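Notes follow once the structure below has been shown.
Please treat every number below as a calculation from the coordinates, not as lab data. Every value quoted in this text rests on a predicted model; they were computed, and no experiment measured them. All Cβ positions, even for glycine, are placed from backbone atoms using ideal geometry, and neighbour counts span all protein chains on display.
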């Protein structure tokens, strides 16, 4: 069955460009031209991925994203933000609300397809499907779910991949560039700040155990080894 991509943009030319490239890559394409339509289609059709423009009529993209993540039926759908805005603050806001990636217009269709595939893979590079336990944290690598002290923590696809990578490293530090490659994002100073934002959100979602993710100054992060870590 084809994976479904919901693309939300009020520019018809952009939708046509996305349709052409995504259909050629074997995806099923679902267009939407504003926020309310996107929310209705996401709830009804449950796409595998949402491409969401930031500047939309009737409801801005960030508000659409907030509502998607607040709805139990759509909060697990990965989202890539599309926007003509290149300022870092817009990127950070999107990540804060739960976006999995962010690409600035004009973009390379090939790059966008690669980003989509990277996010859709989630933990695809990890073939082991057992539940991994590291202290109070349990990671179900088959269902892409994380539990802290037995309660589920809602992580985005990018956050899941970062946390799983850190836990799998068994106490060894991973550099920011390595983590960027794991989530299919661009390298460089802005990309490194993207990792920092994801890690800060992971710590928040780990609650009282957020300090298990340690900063290695000037390099990256590691998941502090615990007696139960694998």
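To the nearest ten degrees, helix 61-70 and the longest principal axis of the Cα atoms of the chain are 50 degrees apart. The angle separating the long axis of helix 109-121 from the principal Cα axis of greatest extent in the chain is about 40 degrees.
Would you please classify the overall shape of the range 34-88 from the alpha carbon gyration tensor, given that a ≥ b ≥ c denote the square roots of the eigenvalues, rounded means a/c under 1.5, and beyond that prolate means a/b larger than b/c while oblate covers the rest? It would help to have the intermediate numbers written out before the result.
Values: a/c = 1.94, a/b = 1.56, b/c = 1.25.
Prolate.
The shape of the range 131-223 can be summarised by an equivalent ellipsoid whose semi-axes, obtained from the alpha carbon gyration tensor, come to 21, 13, 12 Å from longest to shortest.
Answer rounded, prolate or oblate for the range 4-121, using the Cα gyration tensor with square roots of eigenvalues a ≥ b ≥ c: rounded when a/c is under 1.5, else prolate when a/b is larger than b/c, else oblate.
Values: a/c = 1.28, a/b = 1.10, b/c = 1.17.
Here the range 4-121 falls in the rounded category.
Neighbouring Cβ atoms within 10 Å as the yardstick, rank 209, 198 fewest first. Walk me through the numbers before you get to the answer.
On the way: 209 18, 198 24.
The order, fewest Cβ neighbours first, is 209, 198.
Just one of [x] 50; [y] 42; [z] 47 is percent of Cα pairs over 24 Å apart calculated from these coordinates, so which is it? Evaluating percent of Cα pairs over 24 Å apart on these atoms matches [y].
Counting only alpha carbon atoms, the long axis of helix 35-45 and the longest principal axis of the chain meet at about 70°.
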